[in-house]
Each structure stands twice: as C-alpha cells, then as structure tokens.
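The values are calculated or read from the model by the stated rules, or taken from the named source; none is laboratory data. A quick note: this is a predicted structure, and the numbers were derived from the prediction, not measured. In this analysis, Cβ positions are derived from the backbone assuming ideal geometry, glycine residues included, and neighbour counts consider all displayed protein chains. Ligands, DNA and RNA are excluded from the accessible area calculation, which covers all protein heavy atoms including side chains. Shrake-Rupley method; radii C 1.70, N 1.55, O 1.52, S 1.80 Å.
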Amino acid sequence: MEAGDKAVLYTDGILEATSPSEQEFGVDLLKGFLESNHHLKADVFADLLIEELWAWSEHPKGCGQDDDITLLAIDFHNS
C-alpha cells in the first residue's frame, strides 16, 4: 500500500441491503459510490456510505435493517 491508498472492508449486509422494491444495493452501486467518493477521508467516507444505505433503503437510520452491516475504511499515510 502507498500513501493515499484506501482499503474498504465490508460485510454482505451492505451489498444485500434492499430498497422498498426489494432491489439489492449490490456491487454496481457500491462501485459507483467508491468511484465518486474515494477522495474522502476514511471516517467521512464510511459515514457517508452508511447514510447512503439508509437513504437508498428508505429505512429510518439505526433501525429496520435485515442483516448486519459492518464497514471498515482505512486511509494509508506516509509514516
């Protein structure tokens, strides 16, 4: 890894989050989010992704999810 790189680890609960029409968030939406927001610091990136999931699924924040959601975003810096 080099300075400026980011690692994102997540559980299947992110990909399998469903919209009101039962569509999964899936790999394509996650890739689009990553491409659009890769420049953000890890903590802001993680918070924004979780907010995006809540908005997309139309569930009130903090309740209503069907699966566990775990997300770890790491920024790499020079030491």
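The conditions of being touching a Leu at 6+ places or on another chain (Cβ under 8 Å) and modelled with pLDDT under 90 are met by Ile69. If you go through the range 2-33 and keep only what is in a loop (DSSP other than H, G, I, E, B) and loosely packed, with under 12 Cβ neighbours inside 10 Å, you end up with Glu2, Ala3, Gly4, Asp5, Pro20, Ser21, Glu22. Kindly list, by first and then second residue, each pair from a residue in the range 25-45 that is on the phi > 0 side of the Ramachandran plot and of a type outside the set (Ser, Thr, Tyr) to a residue that is surrounded by 10 or more Cβ atoms within 10 Å (Cβ to Cβ) and in a helix (DSSP H, G or I), limited to pairs with Cβ atoms under 8 Å and residues at least 6 apart or on different chains. What qualifies is Gly26/Leu15. With respect to the conditions (1) of a type outside the set (S, T, N, Q); (2) in contact with a strand residue (DSSP E or B) (Cβ under 9 Å, 6 or more places away or on another chain); (3) open to solvent by less than 50 Å² (accessible area, probe 1.4 Å), Trp54 falls short on a single one, namely (2). Does the range 8-22 include one or more residues that are under 27 Å from Ser79 (Cα atoms), in contact with a Phe, Trp or Tyr (Cβ under 6 Å, 6 or more places away or on another chain) and modelled with pLDDT of 90 or more? So far as the range 8-22 goes, no, none of its residues is under 27 Å from Ser79 (Cα atoms), in contact with a Phe, Trp or Tyr (Cβ under 6 Å, 6 or more places away or on another chain) and modelled with pLDDT of 90 or more.
Scanning the range 19-42 for residues that are within 17 Å of Ala7 (Cβ to Cβ) and among the aromatic types (Phe, Trp, Tyr) turns up just one, Phe33. Restricting the range 9-45 to residues that are of a type in the set (A, V, I, L, M, F, W, C) and out of contact with any helix residue (DSSP H, G or I) (no Cβ under 7 Å at 6 or more places or on another chain), the residue that is nearest to Thr70 (Cα to Cα) is Leu9. Does Phe45 fit the bill of being modelled with pLDDT under 95, under 30 Å from Glu2 (Cβ atoms) and open to solvent by less than 70 Å² (accessible area, probe 1.4 Å)? Spelling it out, it is not the case that Phe45 is modelled with pLDDT under 95, under 30 Å from Glu2 (Cβ atoms) and open to solvent by less than 70 Å² (accessible area, probe 1.4 Å). Here is a check on your reading of the model: is Ser36 out of contact with any His (no Cβ under 6 Å at 6 or more places or on another chain), assigned to a loop (DSSP other than H, G, I, E, B) and among the hydroxyl-bearing types (Ser, Thr, Tyr)? No; evaluated as a whole, the condition is false for this residue.
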